[in-house]
Each structure stands twice: as C-alpha cells, then as structure tokens.
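Asks: Quick one: the structure is below, and I'll ask about it shortly.
The values are calculated or read from the model by the stated rules, or taken from the named source; none is laboratory data. This one's a predicted model, so the numbers in the text were calculated from it and none came from an experiment. Every residue, glycine as well, gets a Cβ built from its backbone with ideal geometry; the counts of neighbours run over all protein chains shown. The area values use the complete protein model at the heavy-atom level, side chains included, leaving out ligands, DNA and RNA. Shrake-Rupley method; radii C 1.70, N 1.55, O 1.52, S 1.80 Å.
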Amino acid sequence: MQRVESEVDLDQILITEDEILGCLARMGKQITADYDGKDLLLVGVLKGAVMVMADLARAIDRHVEMDWMAVSSYGSGTKSSGVVRILKDLDTDVAGRDVLIVEDVVDTGLTLSWLVANLRSRGPSSVRIASLLRKPDAMQMEIDVDYVGFDIPNSFVVGYGLDYGERYRNLRCIATLGEQAHE
Ligand code: IMP
C-alpha cells in the first residue's frame, strides 16, 4: 500500500488496492461467463482506464482482444461538457463484434453516452459498458452501465488511472483530494 498520508494534498482513501482487485476479479469472472462463445473486444478509454483494463483483462479467463480510444470532453477543470472529440480512434473494425467499453468512472455519463452512440453507428453485434466507478448523483444521462465496480459519492477522486492535472494516476488506491488541491 502506498503511503497516501505522505501526500499532503490527498484527503482520504475511498477504495483500497485490495478492494479494487477483488472487485475486478469478480467482474472478470462474470464477464467470462456472460461472453461464453462470443467475439469479445475490450475498448479502453485513454488514459484513465489503463489500470482497469490491465487488471480486468487479466481477470477474464477467455480470449479477448483490446483496443483503445482517446476522447476529449470539452470543458474546464473538473467538469465534463458532453461535447466530445476523438483524439485517437480504434485500430479495429467493430462491425459484428461484441464490444465492451472499459471505463474508469461514469460521472455525468455525457462522454460515455456519446461514445456508445458513436460505436453503435459502426455496426457491432453488441455494445456494453464496464466501469470501475460510478457516481449516481452526478449522472445527467440515462445510461446503463452493465458492470459497475463501486458506486461512489459525487466528489472528485484520483488514483488507479484517474488524474487531477495528470497527477496521481499511479496511485494504487482511489482517494479523494483535499480542498487545497482541488481549487
Ligand atoms: P463524464 O462525461 O462526466 O461521465 O466524465 C468522463 C470522464 O471525466 C471520465 O472518464 C474521467 O476521465 C473524467 N472524470 C470524471 N470524474 C472524475 C474524477 O472524479 N476524477 C478524475 N477524473 C474524472
């Protein structure tokens, strides 16, 4: 366990490394069963989903392929706007594939609902969503997240891929930021 208390601008640990890994192991088992006989393509959303993808993919006990998209949601600071631009598109043709989007967090849901619509327009067999975190009180779009790790309060979190100004992605746990760091 990393020493969060030595980072002055972190507030408290919300989810420990053990809890994250246990949760992703269970999620991977469920996905293994649900996609039996299917042509599964995991689509990770850069950069935040890198850690989730690495541990979730290894918890899935069947053949999977991985691809990545990078999108930018126009907005300022810690707020999402829903206007999305593709920075890096998939290398894979998803037509006829079973696509599972792998996300770090569903906050307002604006980015993800745009992404689901975009991928659906490419003719896949199915598009589903797996997210480590979801903030039910922040959601502005009706969006079905098929696999959810943890529902968390509507506060800004970092770690395990999630950043604040590109920092904290390598933290092993999920933590909240102190007031000072957030302003
Ligand atoms: P949404 O469009 O509001 O659902 O937000 C989508 C993206 O915003 C996520 O994939 C994250 O990259 C980022 N984001 C949302 N909430 C947080 C947070 O608490 N910490 C770090 N990044 C976040």
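Asks: What's the number of the only condition in (1) within 27 Å of D39 (Cα to Cα); (2) open to solvent by less than 50 Å² (accessible area, probe 1.4 Å); (3) under 15 Å from the mean Cα position of the chain (by Cα) that C173 fails to meet?
Replies: (1)
Asks: Additional query: Given the criteria more than 13 Å from the ligand (Cβ to nearest atom), farther than 20 Å from S155 by Cβ and either in contact with a Phe, Trp or Tyr (Cβ under 7 Å, 6 or more places away or on another chain) or not charged (D, E, K, R) (or both), does A57 qualify? So that I can check it myself, show each step before the final result.
Replies: Numbers: more than 13 Å from the ligand (Cβ to nearest atom): yes; farther than 20 Å from S155 by Cβ: yes; either in contact with a Phe, Trp or Tyr (Cβ under 7 Å, 6 or more places away or on another chain) or not charged (D, E, K, R) (or both): yes.
It is true that A57 is more than 13 Å from the ligand (Cβ to nearest atom), farther than 20 Å from S155 by Cβ and either in contact with a Phe, Trp or Tyr (Cβ under 7 Å, 6 or more places away or on another chain) or not charged (D, E, K, R) (or both).
Asks: Something else: Looking at V145, V157, which is the one that is in contact with a Lys or Arg (Cβ under 8 Å, 6 or more places away or on another chain) and within 14 Å of the ligand (Cβ to nearest atom)? Working first, answer last.
Replies: Values: V157 fails: in contact with a Lys or Arg (Cβ under 8 Å, 6 or more places away or on another chain).
None of the other options fit; the residue is V145.
Asks: While we're here: Which pairs have Cβ atoms under 6 Å, sit 6 or more apart or on different chains, and link a residue in the range 131-149 that is at negative phi and outside any loop (DSSP other than H, G, I, E, B) to one that is open to solvent by less than 60 Å² (accessible area, probe 1.4 Å) and among the aromatic types (F, W, Y)?
Replies: L133/F150
Asks: Outside any loop (DSSP other than H, G, I, E, B) and of a type in the set (V, I, T): does that describe T92? Don't jump to the end; show me each part of the working.
Replies: On the way: outside any loop (DSSP other than H, G, I, E, B): no; of a type in the set (V, I, T): yes.
Criteria not met by T92.
Asks: Let me ask something additional. I'd like the full set of residues that are within 11 Å of the ligand (Cβ to nearest atom) and open to solvent by less than 20 Å² (accessible area, probe 1.4 Å), limited to the range 109-121.
Replies: In the first step, residues of the range 109-121 are kept if they are within 11 Å of the ligand (Cβ to nearest atom); the result is 109-115.
Those that are within 11 Å of the ligand (Cβ to nearest atom) and open to solvent by less than 20 Å² (accessible area, probe 1.4 Å): G109, L112, L115.
Table: residues versus (1) more than 14 Å from C23 (Cβ to Cβ); (2) touching a Leu at 6+ places or on another chain (Cβ under 8 Å); (3) crowded, with 20+ Cβ neighbours inside 10 Å.
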position: G123; (1), (2), (3): yes, no, no
position: A130; (1), (2), (3): no, yes, yes
position: V158; (1), (2), (3): yes, yes, yes
position: Y168; (1), (2), (3): yes, yes, yes
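Asks: Another question, then. Please verify whether the range 100-108 includes one or more residues that are free of Cβ contacts under 8 Å to residues at least 60 places away in the same chain, in contact with a helix residue (DSSP H, G or I) (Cβ under 8 Å, 6 or more places away or on another chain) and open to solvent by 40 Å² or more (accessible area, probe 1.4 Å). Talk me through it step by step, then tell me what you get.
Replies: To start, the set of residues in the range 100-108 that are free of Cβ contacts under 8 Å to residues at least 60 places away in the same chain comprises 101, 103-108.
Next, from what is left, pick out any that are in contact with a helix residue (DSSP H, G or I) (Cβ under 8 Å, 6 or more places away or on another chain): 101, 103-104, 106-108.
Checking the rest, the ones that are also open to solvent by 40 Å² or more (accessible area, probe 1.4 Å) come to 107.
Within the range 100-108, one or more residues are free of Cβ contacts under 8 Å to residues at least 60 places away in the same chain, in contact with a helix residue (DSSP H, G or I) (Cβ under 8 Å, 6 or more places away or on another chain) and open to solvent by 40 Å² or more (accessible area, probe 1.4 Å).
Asks: Across the range 113-142, what is the number of residues that are aliphatic (A, V, I, L, M), under 12 Å from the mean Cα position of the chain (by Cα) and within 23 Å of A175 (Cβ to Cβ)? Outline the logic, then answer.
Replies: The first filter runs over the range 113-142 and keeps only residues aliphatic (A, V, I, L, M), leaving 115-117, 119, 127, 129-130, 132-133, 138-139, 141.
Going one step further and asking which of them are under 12 Å from the mean Cα position of the chain (by Cα), we end up with 129-130, 132-133.
Next cut, within 23 Å of A175 (Cβ to Cβ) only: 130, 132-133.
Within the range 113-142, residues that are aliphatic (A, V, I, L, M), under 12 Å from the mean Cα position of the chain (by Cα) and within 23 Å of A175 (Cβ to Cβ) number 3.
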